[in-house]
Every structure is written in structure tokens, then in C-alpha cells.
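Chemist: The structure that follows is given in the form of C-alpha cells.
The values are calculated or read from the model by the stated rules, or taken from the named source; none is laboratory data. The structure presented is a predicted model; accordingly, all values stated were derived computationally and were not measured. Using ideal geometry, Cβ is built from the backbone for each residue, glycine included, and neighbour counts are taken over all protein chains shown. When the accessible area is computed, the model is the full protein with side chains, heavy atoms only, and any ligands, DNA or RNA have been set aside. Shrake-Rupley method; radii C 1.70, N 1.55, O 1.52, S 1.80 Å.
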Amino acid sequence: MASYIHTDNGYFVGKLDRGDDLLEALTDVARENGIRLGQVKAIGALEKACIAYYDQTTKTYNYLDLSGGHEILNLTGNISRKDGEPMVHAHVTLSDEEGRAFGGHLGKGSVVFACEFWIQPWIGPDLVRGFDEDTGLPLWEFQEPE
Ligand code: ZN
């Protein structure tokens with residue numbers, strides 16, 4: 001579960017508990033606070049990681065489960081709407097015990113060891129995700145200019 005403060009300039013800054021699912025816990029913060037649009041960043045460490053690579057030919061995510069501890073060197077993501085709910089889309093750069101870095105699209109199943117995050121809500125119209133035929137991904141939908 002997340003513990004956080006709400007800063008005077010509108011950020012949510014806090015930490016996640018050991019054992020939290022990283023993606024789900026960040027999504028919970030967005031849901032609890034009605035954040036419809038924004039950015040999320042985090043650093044910390046994972047007990048295990050689940051990251052994905054999107055295969056552009058087969059249009060499927062290939063998930064990679066990494067056991068053992070890894071540093072979260074950087075998590076960068078955004079919050080928008082999908083199916084009427086907040087969706088956190090995040091990518092992570094992780095490192096292993098020898099400082100080697102790698103990363104990918106953050107999947108469910110990444111277990112927090114320790115994590116500090118900050119979320120900046122953006123104020124404005126909703127950005128909604130919908131299925132994009134060309135890529136097979138749930139991309140942001142924009143009205144075509146008339
Ligand atoms: Zn992604």
C-alpha cells in the first residue's frame with residue numbers, strides 16, 4: 001500500500017510497501033485520488049520484476065520474469081483513461097548486482113522491495129485509450145481535425 005503526501009503544487013509524493021505490486025499500487029494511487037491524466041516517476045528496488053517487450057510482428061507482449069533483486073534506476077510513465085479507469089503506462093530501467101542495465105514495459109507481477117514515487121496530475125481534458133488496428137496497442141485516441 002502506498003503512503004504519500006499531497007504537495008502544495010499538486011504532486012503526490014510517497015513510498016510503496018515491500019511486497020506491493022508496483023504497477024497495481026501506482027494505479028491505486030491514481031484511482032484513490034481521481035487522477036485522470038498525469039505523469040508518474042519512481043526509483044527504488046524490486047524483489048522480482050516482470051517486464052515486457054512488444055513484438056511488432058506478432059503484436060503481442062513477450063513477458064520476461066526476472067527473479068532476484070534489481071534496482072529501479074528509473075520508472076517513467078503516464079496516467080490516462082482506459083475502459084473508464086485510470087491506466088498507468090510505465091517503462092522501467094532496472095539494474096542487476098553488476099550494474100548492468102536493461103528494461104522494458106512494466107507488467108503486473110513486479111514486486112516492490114522499496115520504492116519512492118512522485119505523481120504529477122495534469123489538469124485538462126481526458127486522454128482515452130482505444131484499440132489501434134495498425135499497432136495492436138491501446139493507443140490514445142484523438143479527434144480527427146475537420
Ligand atoms: Zn509500454
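Chemist: What part of the accessible area of segment 57-146, given as a whole %, is carbon or sulfur when the probe is 1.4 angstrom?
Modeler: Roughly 54 percent, rounded to a whole number.
Chemist: Averaging sequence separations of C-alpha pairs under 8 Å and six or more residues apart, then dividing by the length of segment 19-146, give the relative contact order as a whole percent.
Modeler: Taking the mean separation of contacting Cα pairs over the length of segment 19-146, I get 32 percent.
Chemist: Using just the alpha carbons, could you tell me how many Å³ per residue the convex hull of the chain encloses?
Modeler: Cα-based convex hull of the chain, divided per residue, equals 122 Å³.
Chemist: Name the GluC sites (Glu not before Pro) in segment 55-110 that are in a loop by DSSP and that have at most 16 other C-beta atoms within 10 Å, would you?
Modeler: Glu97, Glu98
Chemist: For segment 62-141, would you read off the P(r) tail past 21 Å as a percentage of all alpha carbon pairs?
Modeler: Of all Cα-Cα distances in segment 62-141, 40 percent exceed 21 Å.
Chemist: Then there's this: Calculate, for segment 47-100, the solvent-accessible area per residue in square angstrom, rolling a 1.4 angstrom probe over the heavy atoms of the protein chains.
Modeler: 58
Chemist: Further, regarding this structure: From the phi of every residue in segment 81-94, what ³J(HN,Hα) in whole Hz does the Karplus formula 6.51 cos²θ - 1.76 cosθ + 1.60 yield, where θ is phi - 60° and glycine or proline is x?
Modeler: 10, 9, 6, x, 10, x, 10, 8, 10, 9, 10, 10, 10, 10
Chemist: Classify segment 1-87: rounded, prolate or oblate, from the alpha-carbon gyration tensor (a ≥ b ≥ c, eigenvalue square roots; a/c under 1.5 rounded; otherwise prolate if a/b is larger than b/c)?
Modeler: oblate
Chemist: How high is the relative contact order of segment 10-75, given as a whole-number percent (alpha carbon pairs under 8 Å, six or more residues apart)?
Modeler: Result for segment 10-75 is 29 percent.
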